[in-house]
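Participant: Handing you a structure now.
Read-outs throughout are calculated quantities, based only on the coordinates presented, and are distinct from any laboratory measurement. Just so it is clear, the model here is predicted, and its values are computed rather than measured.
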Amino acid sequence: IAMEITQEIRIKRGHIAMMKHPETSLYSGVMMMGTSEVVDKEGMTAYTDGVNKKYGRQFMATKCKTDAEVNGIILHENLHIALRHILHSRDLFLENAMLANIAADMVVNDIILNLKDKKIATLPPGCCYDPRFHNMNMREVYRILKEENKGGTKGPGGNGSGGGEQQFDEHDIHGQGKE
């Protein structure tokens with residue numbers, strides 16, 4: 001009897017794999033915080049309010065082909081929490097939500113794409129990344145993007161990967177675990 005591997009099972013497996021892996025186990029406490037759930041919301045990629053994590057079922061099923069890509073999305077949302085992007089950068093999100101989102105994503109994606117073991121976590125194609133921002137924090141990336149875009153809301157310039165199909169997750173600066 002073949003069991004269907006649901007997105008919920010993929011998320012649970014990803015949590016367990018990363019909690020056991022030497023390169024990602026330090027995020028175990030963050031992964032255990034709040035809730036992690038798969039939701040059936042049209043067009044949703046992934047989401048955090050700084051405590052809870054939500055993953056769009058359709059996005060996970062169609063964009064995350066491998067276990068490493070599932071893990072990359074899980075790690076992505078948990079890194080936003082670990083780095084306290086929502087809590088400490090509320091002013092940036094209020095000033096320009098699109099640039100703040102891009103800056104936060106650039107930072108966490110840089111961490112994921114620079115893991116030594118690419119088998120534990122990587123990102124699906126089309127995710128927001130630019131090697132120019134290696135080892136920068138969110139405020140540094142935001143400042144550069146704001147200057148390059150003169151305060152506009154268009155995406156980053158430079159030689160980032162992903163072209164026009166970049167996927168952006170959602171950040172709820174008002175939620176902080178309150179639903």
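Participant: If I stretch the segment between E95 and E140 completely, what's the gain in nm (0.36 nm per residue apart, minus their alpha carbon distance), one decimal?
Facilitator: Roughly 14.7 nm would be gained on extension.
Participant: With respect to the cross-link table entries K20/K118; K63/K146; K54/K118, which display a Cα-Cα separation exceeding 19 Å?
Facilitator: As for pairs spanning more than 19 Å Cα to Cα, those are K63/K146; K54/K118.
Participant: Would you please report the Å³ per residue occupied by the convex hull of the alpha carbon atoms in segment 1-80?
Facilitator: Value for segment 1-80: 97 Å³ per residue.
Participant: Sticking with this structure for a sec: Extension gain K20-T35, at 0.36 nm per residue separation less the Cα-Cα distance, in nm?
Facilitator: 3.5 nm
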